[in-house]
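Working notes for the structure below.
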């Protein structure tokens, strides 16, 4: 369950930089994994490797702005 301050059972190690109302969920693009596989010369990077809660096939980084809202299931981010 996604809540205002966190996702149930998702703890953070350092609350100064993670969690809270504006930093409760990290979303990462599937396309970014292809980039990092190339940079690191690896083919074994699994989704979630960068600590994201959701890995999505979404808009490019230069198409996303602070304040944008997206819906994943019934939750709005």
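So how many residues does the range 29-48 have that are outside any helix (DSSP H, G or I) and touching a residue at least 12 places away in the same chain (Cβ under 8 Å)? Walk me through how you get there before you give the answer.
Going residue by residue through the range 29-48, those that are outside any helix (DSSP H, G or I) are 29, 41-48.
Filter again for touching a residue at least 12 places away in the same chain (Cβ under 8 Å), leaving 29, 45, 47.
So the answer is 3.
Tally up the residues in the range 1-41 that are loosely packed, with under 10 Cβ neighbours inside 10 Å and modelled with pLDDT of 90 or more, please.
2
Could you check the range 50-77 and list, in sequence order, the residues that are part of a loop (DSSP other than H, G, I, E, B), exposed (fewer than 13 other Cβ atoms within 10 Å of the Cβ) and touching a helix residue (DSSP H, G or I) at 6+ places or on another chain (Cβ under 9 Å)?
Scanning the range 50-77 gives 50, 57, 60.
The values are calculated or read from the model by the stated rules, or taken from the named source; none is laboratory data. What you see is a predicted model, and the numbers here were worked out from it, not measured in a lab. When we count neighbours, we look across all protein chains shown, and the Cβ atoms used for this are built from the backbone with ideal geometry, even at glycine.
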